[in-house]
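Asker: The structure under discussion is supplied below as structure tokens; questions concerning it will follow.
The values are calculated or read from the model by the stated rules, or taken from the named source; none is laboratory data. Just so it is clear, the model here is predicted, and its values are computed rather than measured. Quick reminder, even Gly has a Cβ in these numbers, built from the backbone with ideal geometry, and neighbours come from all protein chains shown.
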């Protein structure tokens, strides 16, 4: 018996070990002496179709902004809304009161107050609380850091930044799930503009020697308009002063709801914003580290008889992080998308929020034909058509795609789940130097079993009601399933969706024993970068009304039984 189980394991290993372009292998490995072990490879027809992605979960740690027009898919435009975060217990420096020493007799940073010899107070506005000066505000600077972009590096573009909330507008709520069809107009007033900035993806004003440094990260720098900076800066400093060490992101949100970043000029570039950084800038005295007293400038200014106080600008930093909401608003050319969806000769994956490929697997047929067998491995390969486009800024094919049961395609991302092989399977091509010619899912056995488990559970729940859309008229109807066959027809239990995703891993960790390093997947999000691929499949029918044999895919199923079932 040990030999029999070893043969089964070897069969499965051989099957799993196939590369992305290899057909089913391994069935000839059973020796003739083991006649009571029936192992076989069965292939089943799988049909696919392009479907509109519709609204998808918009939460992401990357913000997308800009506009790009493609010959095939039309115009795509992106902007994003974001809250900001701060370290818990953040405080602002106090006002200088004759010494910079704190309670531990150590010098600390102190803001310029109303008293003192500094004659350049016109560049700051004092912040008061109940008539007491508690600080000052100079300005607010916003940096949109990005490590990559899509499109033309020199397209002249412009973006504007607006304050969220105010005038009866909604605020971002952590209890809500936001999708890419989010309407920014519900969250901001166009009159609450914070600043505007013209840019190109590659800033030629920065020297080549600087841009080529490994430490260089480009950014779009937006200075808040003076009135907005003073108003917002005052609110943040006052809230931090009153909160003390209890100041956190919730207190910050009470003073400042967040930003909406909108691309309002230019067509040809999409920036991928990795981090939003807002600096609240204030003015401080330079002090002597021994005496705690203000330092004086060594050089007299013109027409001065006494030196001024030595000052400098400090700031507190607020960033977008995973702990706060960042939602992307995306707009595609729906007419162009619909035209691609109707192509019967192939299917598409188009990101962001454009087209998914829907896969229909004949689970009932598998269950009927292999009743009593053990499913050892189920493999699905989806061939990719080569692209011959000579577009200068052509979109590339997604390197990471998720095959997921249709019923879970929304909740998976809302709950920030990881692929477990039961409701989803991940294809993640990590090698950036080599190409691949198909998306291969070497083992979706548990996904098939998950479908079958749903069917068994449904037997005890009938009758059940479903909302069903007529494929011809597009009209949604209410259908009641009283038999398991009707349940199969209405429930879409055997439908899967192929979705482009962005995979995030943690830092590599070394395995000293084996001398290797590895990294773990910590997040799977919708890929909102522009990209597309054409896949074999489609809805084309033959003369007999059945799916065209040239368009169907093949599902390979390896199963075994021990001679316990009569054929």
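Asker: Testing residue 12 on (1) at pLDDT below 90; (2) outside the structural domain of residue 499 (by TED's automatic domain parsing); (3) in contact with a strand residue (DSSP E or B) (Cβ under 7 Å, 6 or more places away or on another chain); (4) more than 30 Å from residue 291 (Cβ to Cβ), one condition comes back false. Which one is that?
Answerer: (2)
Asker: I'd like to know if the stretch 147-157 contains one or more residues that are touching a helix residue (DSSP H, G or I) at 6+ places or on another chain (Cβ under 8 Å) and surrounded by 19 or more Cβ atoms within 10 Å (Cβ to Cβ).
Answerer: Within the stretch 147-157, not a single residue is touching a helix residue (DSSP H, G or I) at 6+ places or on another chain (Cβ under 8 Å) and surrounded by 19 or more Cβ atoms within 10 Å (Cβ to Cβ).
Asker: Also, I was wondering about something else. Within the stretch 159-195, track down each residue that is touching a residue at least 40 places away in the same chain (Cβ under 8 Å) and in a helix (DSSP H, G or I).
Answerer: Answer for the stretch 159-195, where residues must be touching a residue at least 40 places away in the same chain (Cβ under 8 Å) and in a helix (DSSP H, G or I): just 184.
Asker: So, in the stretch 76-99, of the ones that are part of a strand (DSSP E or B) and in contact with a helix residue (DSSP H, G or I) (Cβ under 8 Å, 6 or more places away or on another chain), which residue ends up farthest from residue 177 (Cα to Cα)?
Answerer: Selected residue: 85.
Asker: Looking at the stretch 437-454 only, could you name the residues that are in contact (Cβ under 8 Å) with a residue 40 or more places away in the chain and closer than 13 Å to residue 487 by Cα? Spell out the reasoning first.
Answerer: Filtering the stretch 437-454 down to residues in contact (Cβ under 8 Å) with a residue 40 or more places away in the chain leaves 437-445, 447-452.
The answer is 451, 452.
Asker: May I pose another question? From the residues in the stretch 422-436 that are at pLDDT 95 or above and assigned to a loop (DSSP other than H, G, I, E, B), which one is surrounded by the most Cβ atoms within 10 Å (Cβ to Cβ)?
Answerer: 423
Asker: For the structure I just gave you, tell me whether residue 72 is in the same structural domain as residue 183 (by TED's automatic domain parsing) and either over 30 Å from residue 342 (Cα atoms) or at pLDDT 85 or above (or both).
Answerer: Answer is yes for this residue.
Asker: Of 154, 164, which residue is under 26 Å from the mean Cα position of the chain (by Cα), within 19 Å of residue 319 (Cα to Cα) and assigned by TED's automatic domain parsing to the domain that holds residue 274? Outline the logic, then answer.
Answerer: Values: 154 fails: within 19 Å of residue 319 (Cα to Cα).
When all the criteria are applied, what remains is 164.
Asker: Based on this model, can you work out whether residue 333 counts as buried (at least 16 other Cβ atoms within 10 Å of the Cβ) and either touching a residue at least 40 places away in the same chain (Cβ under 8 Å) or assigned by TED's automatic domain parsing to the domain that holds residue 192 (or both)?
Answerer: Criteria met by residue 333.
Asker: For the stretch 375-421, name all the residues that are in a helix (DSSP H, G or I) and in contact with a strand residue (DSSP E or B) (Cβ under 8 Å, 6 or more places away or on another chain). Outline the logic, then answer.
Answerer: Quick first cut of the stretch 375-421, residues in a helix (DSSP H, G or I) only: 406-408, 411-414.
Those that are in a helix (DSSP H, G or I) and in contact with a strand residue (DSSP E or B) (Cβ under 8 Å, 6 or more places away or on another chain): 406, 408, 412, 413, 414.
Asker: So how many residues does the stretch 100-117 have that are out of contact with any helix residue (DSSP H, G or I) (no Cβ under 9 Å at 6 or more places or on another chain) and farther than 11 Å from residue 286 by Cα?
Answerer: Number of matching residues: 10.
Asker: Looking for something without any contact (Cβ under 8 Å) to a residue 24 or more places away in the chain, outside any strand (DSSP E or B) and in contact with a strand residue (DSSP E or B) (Cβ under 9 Å, 6 or more places away or on another chain) - is there at least one such residue anywhere in the stretch 307-318? Please lay out each step first, then the result.
Answerer: Initial filter on the stretch 307-318 (without any contact (Cβ under 8 Å) to a residue 24 or more places away in the chain): 307.
Add one more test, that the residue is outside any strand (DSSP E or B), and what stays is 307.
Remaining after also requiring in contact with a strand residue (DSSP E or B) (Cβ under 9 Å, 6 or more places away or on another chain): 307.
Yes: one or more hits.
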